[in-house]
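Participant: Okay, here's the structure, questions in a sec.
The values are calculated or read from the model by the stated rules, or taken from the named source; none is laboratory data. Here the structure is a predicted model, which means the values were calculated and not measured. Every residue, glycine among them, receives a Cβ derived from its backbone with ideal geometry; neighbour counts consider all protein chains shown.
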Amino acid sequence: MKQPIIILGFGRSGTTWISDIVSKALGGLVLFEPLHPSVTDSSERLSYRPVTEDAACELKPYFDEVLTKRQRKMWLMRNHVPVPLKDIDPVFLDTLWDECAVIGFKEIRCNLMLPWLVENYGRKIVFVIRDPRAVTASILRRKNFWEFGWPGTFNAFLAATLDNSDVARLLPKEGINRARLAANDIERIGAMWAITHAIILPQLKQLGISFFLYEDFYEQPFRTARRMFEQLGYGEVPLHPAHLLTPSMTTAKTVHGLYDFDRKIEKHDLSFFWSDTLGASDLAQLQSVLSAFDLPVELDEKWGVIL
C-alpha cells in the first residue's frame, strides 16, 4: 500500500473529526484506533508508551496486518458506519472491507511512538492539539471515555511514562512530582495532557512535522483542511461541505457544533467549550499542572510549526 496517513493526538482533541475529513476527501478508510482493547488484547501493555525494541517486534507486524486488512476487527470501522457497531450486519462490514481501500489510521494511544512511526511508516502524519481546558471539560462530561476504566487509565499512563526512565528523563522534575501528586480528576487529566505534549512538541519540532490546532479547524475548517492536505501531499484535493461538516458517525457526532451559525465566535475566544464545566478554581488547578511542565494553556510558535 501507499505510505499511510496517521492521525495522532490526545483524546478528545478532534482526531476522529480530522480522520473523518481525510477519509471522505481522499475516498479511503482511516481505521479507528488499532490499539484500542476492542481490537487487540495487547492494548494496555502497548498503549501510551514509546516503542522499545521488544515492542517493535510486535507492533510492526501488527500495524502491517491492520493496514493490509488482514486484521478486520469491527472496532476499526467505527468511524465509517452511521449506527452503533452492534447493529451492523457483518455482511455489510465485509462489503466495506472488500470494496474500500485502507489509507491509514487514527490513534490516541501512540503519541509517544512518533519517531518510530516516522521511521517505519513515513511522514504523512497529522498531529492535532486542542486547548487543554476544552479537552479536560470534554472528558469530564463523557464519563465512559477511558478504555481501561478510571483511574485505571491514569495509572496505566503513569506506568508507561513516569515509571519509564527513558521518558521521565525528558520531563522536568517539578512536573513529574506534580503529576504523581495529582489529587483529583482535573489534575490527573491535566497531567496526562502535559506529559504527552511536553514530550511530543520537541519531537515534532526536531522532525520538522507541523501540528494543527483543533481550534483552527473549528474557526476556519476549509482553510485549515487545505493546509493539512498540502502537508500530506494532496494539495489539489477538492473539498465538499460533506467532507468537513457532515460526520460519518451519527451515533457520535464529530462536527462539534459547526452548524450553530447563530453563535458569534471571536478569534481565540472559544471558552464556551469549557465554561459550563470548569470554574475558576478548576482552571487554576489545571494551569498549575501545566506550569509545572513549563507548558502554557495556549500554544504559540515557540512550540513548533503551526500551519
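Participant: Report, by residue number, each residue of the range 150-188 that is in contact (Cβ under 8 Å) with a residue 60 or more places away in the chain and either aromatic (Phe, Trp, Tyr) or within 15 Å of residue 293 (Cα to Cα) (or both).
Facilitator: Filtering the range 150-188 for residues in contact (Cβ under 8 Å) with a residue 60 or more places away in the chain gives 156-157, 160-161, 164, 166-167, 171-172, 174-175, 177-179, 182, 184, 186-187.
Matches in the range 150-188: 157, 161, 167, 171, 172, 174, 175, 177, 178, 179, 182, 187.
Participant: Could you tell me how many of the residues in the range 28-45 are in contact (Cβ under 8 Å) with a residue 40 or more places away in the chain and either closer than 27 Å to residue 235 by Cα or aliphatic (A, V, I, L, M) (or both)?
Facilitator: 7
Participant: Also, I was wondering about something else. Restricting attention to the range 46-56, which residues are touching a helix residue (DSSP H, G or I) at 6+ places or on another chain (Cβ under 8 Å) and either assigned to a loop (DSSP other than H, G, I, E, B) or of a type in the set (D, E, K, R) (or both)?
Facilitator: So in the range 46-56, the residues touching a helix residue (DSSP H, G or I) at 6+ places or on another chain (Cβ under 8 Å) come out as 46-51, 55-56.
Matches in the range 46-56: 47, 48, 49, 50, 51.
Participant: Being of a type in the set (Lys, Arg) and touching a residue at least 40 places away in the same chain (Cβ under 8 Å): is that true of residue 78 here? First the steps, then the outcome.
Facilitator: On the way: of a type in the set (Lys, Arg): yes; touching a residue at least 40 places away in the same chain (Cβ under 8 Å): yes.
Judged against the criteria, residue 78 is a match.
Participant: Answer yes or no as to whether residue 99 is touching a residue at least 60 places away in the same chain (Cβ under 8 Å), among the charged types (D, E, K, R) and out of contact with any Lys or Arg (no Cβ under 8 Å at 6 or more places or on another chain). Please lay out each step first, then the result.
Facilitator: Details: touching a residue at least 60 places away in the same chain (Cβ under 8 Å): no; among the charged types (D, E, K, R): yes; out of contact with any Lys or Arg (no Cβ under 8 Å at 6 or more places or on another chain): yes.
The answer is no for residue 99.
Participant: Within the range 238-247, is there a residue that is in a loop (DSSP other than H, G, I, E, B), touching an Asp or Glu at 6+ places or on another chain (Cβ under 7 Å) and modelled with pLDDT under 95? Steps first, please.
Facilitator: Within the range 238-247, the subset in a loop (DSSP other than H, G, I, E, B) is 238-240, 246-247.
Narrowing further to those that are touching an Asp or Glu at 6+ places or on another chain (Cβ under 7 Å): 247.
So of that shortlist, the ones also modelled with pLDDT under 95 come out as 247.
Yes, the range 238-247 contains at least one residue that is in a loop (DSSP other than H, G, I, E, B), touching an Asp or Glu at 6+ places or on another chain (Cβ under 7 Å) and modelled with pLDDT under 95.
Participant: Out of 146, 97, 116, 193, I need the residue that is touching a helix residue (DSSP H, G or I) at 6+ places or on another chain (Cβ under 6 Å) and assigned to a helix (DSSP H, G or I). Which one?
Facilitator: Working: 146 fails: assigned to a helix (DSSP H, G or I); 97 fails: touching a helix residue (DSSP H, G or I) at 6+ places or on another chain (Cβ under 6 Å); 116 fails: touching a helix residue (DSSP H, G or I) at 6+ places or on another chain (Cβ under 6 Å).
Every option except 193 fails the conditions.
Participant: Only one of (1) modelled with pLDDT of 95 or more; (2) buried (at least 22 other Cβ atoms within 10 Å of the Cβ) fails for residue 37. Which number is that?
Facilitator: (2)
Participant: Pick from 232, 258: which is surrounded by 13 or more Cβ atoms within 10 Å (Cβ to Cβ) and modelled with pLDDT of 95 or more?
Facilitator: On the way: 258 fails: modelled with pLDDT of 95 or more.
Exactly one of 232, 258 is surrounded by 13 or more Cβ atoms within 10 Å (Cβ to Cβ) and modelled with pLDDT of 95 or more, namely 232.
Participant: Pick from the range 196-220 the residues that are of a type in the set (A, V, I, L, M, F, W, C) and assigned to a helix (DSSP H, G or I): which of them is farthest from the chain's Cα centre (by Cα)?
Facilitator: Ranking the qualifying residues of the range 196-220, first place goes to 207.
Participant: Can you work out which of the residues in the range 64-118 that are among the aromatic types (Phe, Trp, Tyr) and out of contact with any Cys (no Cβ under 9 Å at 6 or more places or on another chain) is nearest to residue 24 (Cα to Cα)?
Facilitator: Our first condition is that a residue be among the aromatic types (Phe, Trp, Tyr); within the range 64-118, this holds for 75, 92, 97, 105, 116.
Among the residues that remain, those that are also out of contact with any Cys (no Cβ under 9 Å at 6 or more places or on another chain) are: 75, 92, 97, 105.
Numbers: 75: 18, 92: 18, 97: 16, 105: 13 Å.
For the range 64-118, the residue satisfying everything is 105.
Participant: Evaluate the following for residue 72: is it among the basic types (Lys, Arg), buried (at least 19 other Cβ atoms within 10 Å of the Cβ) and in contact (Cβ under 8 Å) with a residue 24 or more places away in the chain? Give the derivation first.
Facilitator: On the way: among the basic types (Lys, Arg): yes; buried (at least 19 other Cβ atoms within 10 Å of the Cβ): no; in contact (Cβ under 8 Å) with a residue 24 or more places away in the chain: yes.
Here the answer is no, as residue 72 does not meet what is asked.
Participant: With respect to residue 153, is the statement that it is farther than 22 Å from residue 103 by Cα and in a helix (DSSP H, G or I) true?
Facilitator: Working: farther than 22 Å from residue 103 by Cα: yes; in a helix (DSSP H, G or I): yes.
It is true that residue 153 is farther than 22 Å from residue 103 by Cα and in a helix (DSSP H, G or I).
Participant: Now a separate question. Return a yes/no flag: does the range 57-67 have any residue that is modelled with pLDDT of 95 or more, basic (Lys, Arg) and assigned to a loop (DSSP other than H, G, I, E, B). Talk me through it step by step, then tell me what you get.
Facilitator: Within the range 57-67, the first condition is being modelled with pLDDT of 95 or more, and the residues that meet it are 57-67.
Keeping just the survivors that are basic (Lys, Arg) gives 60.
Next, from what is left, pick out any that are assigned to a loop (DSSP other than H, G, I, E, B): none.
No; the residues of the range 57-67 include none that is modelled with pLDDT of 95 or more, basic (Lys, Arg) and assigned to a loop (DSSP other than H, G, I, E, B).
For every residue, the table says whether it meets (1) crowded, with 17+ Cβ neighbours inside 10 Å; (2) modelled with pLDDT under 95; (3) within 30 Å of residue 169 (Cβ to Cβ); (4) of a type in the set (Phe, Trp, Tyr).
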site	(1), (2), (3), (4)
79	yes, yes, no, no
83	no, yes, no, no
87	no, yes, no, no
99	no, no, no, no
109	yes, no, yes, no
113	yes, no, yes, no
116	yes, no, yes, yes
120	no, no, yes, no
